[in-house]
Amino acid sequence: MNILSITAGAAGMYCGSCLRDNALAVELLRRGHKVTLLPLYTPTNPDEHNVSRHEVLFGGISVYLQQYSPFFRKFRFLDRLIDSPWFITALASRSLSTDPRLLGELTVSMLEGETGVLRKEFDKLLEWIAGEDVADVINLPNTLLIGLAAPLRRAVGRPICCTLQGEDLFLQGLIEPYKSRAIGLIKQQVPQVDRFISVSEYYVPAMSKMLAIPPERMAVVPLGINLDGYASAPRGRRDPFRVGYFARIAPEKGLLELADAYILLRQRTQDARMRLDAAGYLAPAQAGYLDSVKRKLAAAGLAGEFMYHGALDRDAKLKFLQSIDVLSVPATYDEPKGVFVLEAMAEGVPVVQPRRGAFTEMVEKTGGGLLVAADEPAALAGGIKQLFDDPVLADRLAAQGFDGVRQHYSIARYTDRLLAVYDSMTVASTMRPSDHQDRAAGF
């Protein structure tokens, strides 16, 4: 099968969606499929071998300049420079923001597609695809890029998929009037997509309600991770007992809430040897948030028990997971993905997570941890203490999660399920006239 998979770079950070897209492409290529992984905005930065195309369409610097300057909408003589991956990479980390509060206008412009101020970029996309082999199926990474669906369908006449994997948080973060405008534009273009692929069961009713996507047009394909390099068996307890956090350092991921729970935990385990270790991408705008976590722990006399390990590449990530006894990322919203939960369990680390979003189905399906009441630090502290007090329970959950991820959430299992969806779409497309045939017949 020939698959065009579009992925959205995230300005140099280790982005969960980029990691997912790249791991999937690697597995598809390993099975003999032809895959074109095409980055938009910025080059991708996965923590394993990068198989994406070197070129970047809708370069982040270019679309920003076109949004605010008519000059850059008309001429292309600078495009080769400002769209080059090295130029984007050099400026992205300090020039491009992923904060939805600052990206309302650009989000709307992307969703307006060929009728908006970024028309030149859509023309460049169609020029690019005209030089490529026609794909059997095209996958968009999220509904924020649904504006690509109609021109791509017109250009190639092949099925269009769109993955649903967390864009509701971004959309909810937009300020008005951009939030309502963006959601309205997505709803208008839902008919341009043949199948929406939800990464969790939880996300189907949530996105159906938010974006008016008919549930029957959604397929659930749970995420999978590449298990290369993970432990061959769960490990025993460490000393000191280490509570771990591995996710973006941002308010919605709940590090401050975990700090509250850790303080309560230490009040109940004063003589025990414990630590709180955190790792993950820290955007410059969130430095103050991390400082607030440190201040809270310092005020409780626990500054010496906390360490932030920074953004980690794949090898460092695996070593970090091997060093902790329990992982908790108490997100303050209904997380649809939660790849960090799968990564911890794959390494034989039990998790303690709020009962919300995709966490519930992941933990219940694998048996790899405890679910506690959401937004309650005392409940979170209680769950972590339960594992500390009962090593036998912790070991049992670790073993169940270790096996459960391999059974339900491997990249191989994920690819099998996704290919089944793609196959059903391509078969259906051969049973009806293509868009090209329709146009040739005068319809």
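The values are calculated or read from the model by the stated rules, or taken from the named source; none is laboratory data. On a predicted model such as this, the values are computed, not experimentally measured, just so you know. So basically every Cβ, Gly included, is an ideal-geometry build from the backbone, and we count neighbours across all protein chains shown.
Filter the range 270-294 for residues that are basic (K, R) and either farther than 13 Å from Y308 by Cβ or not assigned by TED's automatic domain parsing to the domain that holds K253 (or both) and give the result.
At the first step, the residues of the range 270-294 found to be basic (K, R) are 273, 275, 294.
R273, the sole residue that qualifies.
Hey, does the range 289-310 have a residue that's in contact with a strand residue (DSSP E or B) (Cβ under 8 Å, 6 or more places away or on another chain), closer than 23 Å to G357 by Cβ and not basic (K, R)? Yes; the residues of the range 289-310 include at least one that is in contact with a strand residue (DSSP E or B) (Cβ under 8 Å, 6 or more places away or on another chain), closer than 23 Å to G357 by Cβ and not basic (K, R). Given the criteria surrounded by fewer than 17 Cβ atoms within 10 Å (Cβ to Cβ), within 22 Å of V341 (Cα to Cα) and either touching a strand residue (DSSP E or B) at 6+ places or on another chain (Cβ under 9 Å) or not assigned by TED's automatic domain parsing to the domain that holds P354 (or both), does E252 qualify? In short, no. Of L370, L297, which residue is in contact with a Pro (Cβ under 9 Å, 6 or more places away or on another chain), without any contact (Cβ under 8 Å) to a residue 40 or more places away in the chain and over 21 Å from G229 (Cβ atoms)? Only one candidate passes the filter, namely L370. Considering the range 126-233, there are no qualifying strands (runs of 3 or more DSSP E) wholly inside with 2 or more residues that are buried (at least 18 other Cβ atoms within 10 Å of the Cβ), out of contact with any Cys (no Cβ under 7 Å at 6 or more places or on another chain) and small (G, A, S).
From the residues in the range 174-221 that are of a type in the set (D, E) and free of Cβ contacts under 8 Å to residues at least 12 places away in the same chain, which one is nearest to A428 (Cα to Cα)?
As a first pass, look at the range 174-221 and keep what is of a type in the set (D, E): 176, 194, 201, 216.
Checking which are free of Cβ contacts under 8 Å to residues at least 12 places away in the same chain leaves us with 176, 216.
Details: E176: 40, E216: 15 Å.
Filtering the range 174-221 for residues that are of a type in the set (D, E) and free of Cβ contacts under 8 Å to residues at least 12 places away in the same chain, the one nearest to A428 (Cα to Cα) comes out as E216.
Being at positive phi and in contact with a Phe, Trp or Tyr (Cβ under 8 Å, 6 or more places away or on another chain) is a condition met by at least one residue of the range 11-18.
The set of residues in the range 25-40 that are assigned to a loop (DSSP other than H, G, I, E, B) and either basic (K, R) or farther than 23 Å from V134 by Cα (or both) contains only R31.
Taking N22 as the residue in question, decide whether it is in the same structural domain as S109 (by TED's automatic domain parsing), touching a Ser or Thr at 6+ places or on another chain (Cβ under 8 Å) and assigned to a loop (DSSP other than H, G, I, E, B). No, not satisfied.
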